[in-house]
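The values are calculated or read from the model by the stated rules, or taken from the named source; none is laboratory data. In this text, all values refer to a predicted model and were calculated from it rather than measured experimentally. Glycine also receives a Cβ, built like all others from the backbone with ideal geometry; neighbour counts cover every protein chain displayed.
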Amino acid sequence: MSGPGEPRPPAEPNESSAPEPLTTSSSEDRPTAEDGSGGPPSPRPGSRTFSLEGRAAPGLYLIGWLGTIVGLSVIIVALLAGGGPAAVALLVLGLTVLTAGFICAAGAQAIQRRAAGRTGYAGPSPILVFVAAVAASNLLVLAVAIVGRPLGLRGDTPAGVLVGLLVSTAVNIGLIRLLVVGTGSLSWADMGVRRPSRGTPRDVGAGVLLGVAILYLTAFLALALSQVLAQPPPQLPETTDLAGRLATLVAAALIAPISEEIFFRGFVTTAWVRTSSPRRAIVLGGLFFAFTHILTLGGPSFALGAQWALFAFLVRLPVSFALGWIFLRRSIYAAIAVHATFNGLPLLLMLLLTP
């Protein structure tokens, strides 16, 4: 399989493996046991072990741990406060600290992996970058909601959804630039983000055709699942005015595909291709993509919420796997076309057929 995510031979078996010890140029420089006996040194701490010893960026690592713990603690206090200005202020503070913690942790991980000489992909874990993006997006969306409340801007309106997706897009691209491109882990070209070429129209056409086919497959799958599972309500706000429908169409068929394909295919899939194989990267990337789309689902009861989440997860798997496959087979433009067709065609038909 060829494409922007063409892998090099994997350096390690999985993404979360601990970094290898730093190599040295001579035996005199090799560390010895603490008792001075010349025995093997203590193993370098992994990413899940808190220790500043042997860290390439101990300051960033420490801030990452402290920011994550303190930020989560403040957010929990804010959620238990029961609302009001004080709770909102605590929530903003907690999200700010948590975002800084995740970003510093991701930066420290990238520096550590490069210092350890990791090959293939030596950047931060895509999952860690994702949680940093979630924290940052929620922080900025909350800030926009506070500022926009006097103007009637709410998150459950088409305009609110559009603004939220624009914020999420800015965060996704910004964090990739800072933590992945900025650390030299991947370039934009490595992730398939290049200027359109002569083959781009063919890629877009292939993406549109695949998107239509996946829509039919998903419809049959949804019909089968609805016989055993409860189908969740629509996640996009319903509106009857033309401006609201157009805002929803732009958000779902343009902004979301560009943002999510750059992040999940350009970055995540490329990173996992370089540490495993194309097939494994497609499967892991598809499962991860489908899972992230059910994180905000909830229901009036645990049983119903679980059915909604399982339905939404399973029904997204065909398009999730198709997006990874066509990205590696063709280009990111083909993946964006599949995503835009899958999201936008039903909305466009509703817009044209509804009076």
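Quick one: is ALA108 under 18 Å from THR296 (Cα atoms) and in contact with a Phe, Trp or Tyr (Cβ under 6 Å, 6 or more places away or on another chain)? Quick ask: steps written out before the conclusion?
Numbers: under 18 Å from THR296 (Cα atoms): no; in contact with a Phe, Trp or Tyr (Cβ under 6 Å, 6 or more places away or on another chain): yes.
Against the criterion (under 18 Å from THR296 (Cα atoms) and in contact with a Phe, Trp or Tyr (Cβ under 6 Å, 6 or more places away or on another chain)), ALA108 does not qualify.
Out of everything in segment 325-355 that is free of Cβ contacts under 8 Å to residues at least 24 places away in the same chain and part of a helix (DSSP H, G or I), what residue ends up being nearest to ALA219 (Cα to Cα)?
LEU349
Return yes or no: is ILE103 under 17 Å from the mean Cα position of the chain (by Cα), within 23 Å of VAL77 (Cα to Cα) and either of a type outside the set (D, E, K, R) or part of a helix (DSSP H, G or I) (or both)? Show your work before the answer.
Values: under 17 Å from the mean Cα position of the chain (by Cα): yes; within 23 Å of VAL77 (Cα to Cα): yes; either of a type outside the set (D, E, K, R) or part of a helix (DSSP H, G or I) (or both): yes.
In short, yes.
ARG274 - would you say it is touching a residue at least 12 places away in the same chain (Cβ under 8 Å) and of a type in the set (D, E, K, R)?
Numbers: touching a residue at least 12 places away in the same chain (Cβ under 8 Å): yes; of a type in the set (D, E, K, R): yes.
Here the answer is yes, as ARG274 does meet what is asked.
Go through (1) assigned to a helix (DSSP H, G or I); (2) small (Gly, Ala, Ser); (3) modelled with pLDDT under 95; (4) crowded, with 19+ Cβ neighbours inside 10 Å for ALA322 and report which single condition fails.
For ALA322, the exception is condition (3).
Would you please list the contacts, defined by Cβ atoms under 7 Å and residues six or more apart or on different chains, that run from a residue in segment 76-97 that is under 16 Å from VAL141 (Cβ atoms) to a residue that is assigned to a loop (DSSP other than H, G, I, E, B) and modelled with pLDDT of 95 or more?
none
Considering only residues that are in a loop (DSSP other than H, G, I, E, B), more than 15 Å from the chain's Cα centre (by Cα) and surrounded by fewer than 17 Cβ atoms within 10 Å (Cβ to Cβ), which ones fall in segment 295-317?
GLY298, GLY299, PRO300, SER301
Here is a list of conditions, (1) at pLDDT below 95; (2) among the hydrophobic types (A, V, I, L, M, F, W, C); (3) under 26 Å from PRO126 (Cβ atoms), and LEU249 meets all of them except one; can you say which number that is?
Of (1) at pLDDT below 95; (2) among the hydrophobic types (A, V, I, L, M, F, W, C); (3) under 26 Å from PRO126 (Cβ atoms), only one is false for LEU249: (3).
Please identify the pairs in which a residue from segment 201-216 that is within 10 Å of HIS339 (Cα to Cα) has its Cβ atom under 8 Å from the Cβ atom of a residue that is not in a helix (DSSP H, G or I), counting only partners at least 6 apart or on another chain.
Here the result reads GLY207/ARG330, each pair linking segment 201-216 to a residue that is not in a helix (DSSP H, G or I).
Quick test of your reading of the structure: ILE127 fulfils all but one of (1) assigned to a loop (DSSP other than H, G, I, E, B); (2) at pLDDT 95 or above; (3) surrounded by fewer than 18 Cβ atoms within 10 Å (Cβ to Cβ). Name the failing condition by number.
Here ILE127 meets the rest and fails (1).
Can you name the residue in segment 236-253 that is in a helix (DSSP H, G or I) and within 25 Å of the chain's Cα centre (by Cα) and is also farthest from ASP156 (Cα to Cα) among such residues?
ALA253
Please determine whether any residue of segment 279-294 is within 16 Å of the chain's Cα centre (by Cα), outside any helix (DSSP H, G or I) and not acidic (Asp, Glu). Don't jump to the end; show me each part of the working.
Step one: of segment 279-294, the residues within 16 Å of the chain's Cα centre (by Cα) are 281-294.
Okay, now just the ones that are also outside any helix (DSSP H, G or I), so 293-294.
Subset that is not acidic (Asp, Glu): 293-294.
Within segment 279-294 (the criterion being within 16 Å of the chain's Cα centre (by Cα), outside any helix (DSSP H, G or I) and not acidic (Asp, Glu)), the answer is yes, since at least one residue qualifies.
Give the residues of segment 325-342 that are of a type outside the set (Phe, Trp, Tyr) and buried (at least 23 other Cβ atoms within 10 Å of the Cβ), sorted by residue number. Give the steps one after another, and end with the answer.
So the first thing to find is which residues in segment 325-342 are of a type outside the set (Phe, Trp, Tyr), and the list is 326, 328-332, 334-341.
Residues satisfying the conditions are ILE326, LEU328, ARG330, SER331, ILE332, ALA334, ALA335, ILE336, ALA337, VAL338, HIS339, THR341.
If GLY285 passes every condition in (1) within 24 Å of PRO232 (Cα to Cα); (2) in contact with a Pro (Cβ under 9 Å, 6 or more places away or on another chain); (3) in contact (Cβ under 8 Å) with a residue 60 or more places away in the chain but one, which one does it miss?
(3)
Applying the selection to segment 156-207, what residues are over 16 Å from the mean Cα position of the chain (by Cα), within 30 Å of ASP241 (Cβ to Cβ) and crowded, with 17+ Cβ neighbours inside 10 Å?
PRO158, ALA159, GLY160, VAL161, LEU162, VAL163, listed by residue number.
Does segment 219-235 contain any residue that is assigned to a loop (DSSP other than H, G, I, E, B) and small (Gly, Ala, Ser)?
yes
Evaluate the following for THR275: is it at pLDDT below 95 and crowded, with 19+ Cβ neighbours inside 10 Å?
Yes, satisfied.
Looking only at residues in segment 207-246 that are farther than 30 Å from MET191 by Cα and in contact with a Pro (Cβ under 6 Å, 6 or more places away or on another chain), which one is modelled with the highest pLDDT?
Only one residue fits best here, namely GLY244.
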